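The values are calculated or read from the model by the stated rules, or taken from the named source; none is laboratory data. Quick caveat, the model's predicted, so the values are computed rather than measured. So basically every Cβ, Gly included, is an ideal-geometry build from the backbone, and we count neighbours across all protein chains shown. These area figures cover heavy atoms from the full protein model, side chains too; ligands, DNA and RNA do not enter into them. Shrake-Rupley method; radii C 1.70, N 1.55, O 1.52, S 1.80 Å.
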Amino acid sequence: MDDSPSNGAEPVKALERALIGLRQQLDDVTAALRLSPGNTRLVIERVNVMKRIMLAQTEIDRRRADIANN
């Protein structure tokens, strides 16, 4: 298996694109929550999206470190 930086960069780029989508989703849920602050479903959805953002960012950071160390 070839672990060159060029091969490792593509998964990072895909994760970054997904992260952009998650941030947009967070913005959308936050806007909906402003209109309906008592909506428990939206609160839970917002927390879940924030968790997914955190996990995606952690994975991006890990992969970037792996690329830098190779």
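Annotations
- Among the residues making up the range 37-65, those that are without any contact (Cβ under 8 Å) to a residue 24 or more places away in the chain and under 14 Å from the mean Cα position of the chain (by Cα) are R46, V47, N48, K51, M54, L55, T58, D61, R62.
- Among the conditions (1) at pLDDT below 95; (2) more than 14 Å from the chain's Cα centre (by Cα); (3) not small (G, A, S), the only one that R34 does not satisfy is (1).
- Checking each residue in the range 26-40 for being surrounded by fewer than 11 Cβ atoms within 10 Å (Cβ to Cβ) and in a helix (DSSP H, G or I) picks out A31, R34, L35, T40.
- All positions within the range 54-70 that are open to solvent by less than 50 Å² (accessible area, probe 1.4 Å) and more than 10 Å from L15 (Cα to Cα): A65, I67
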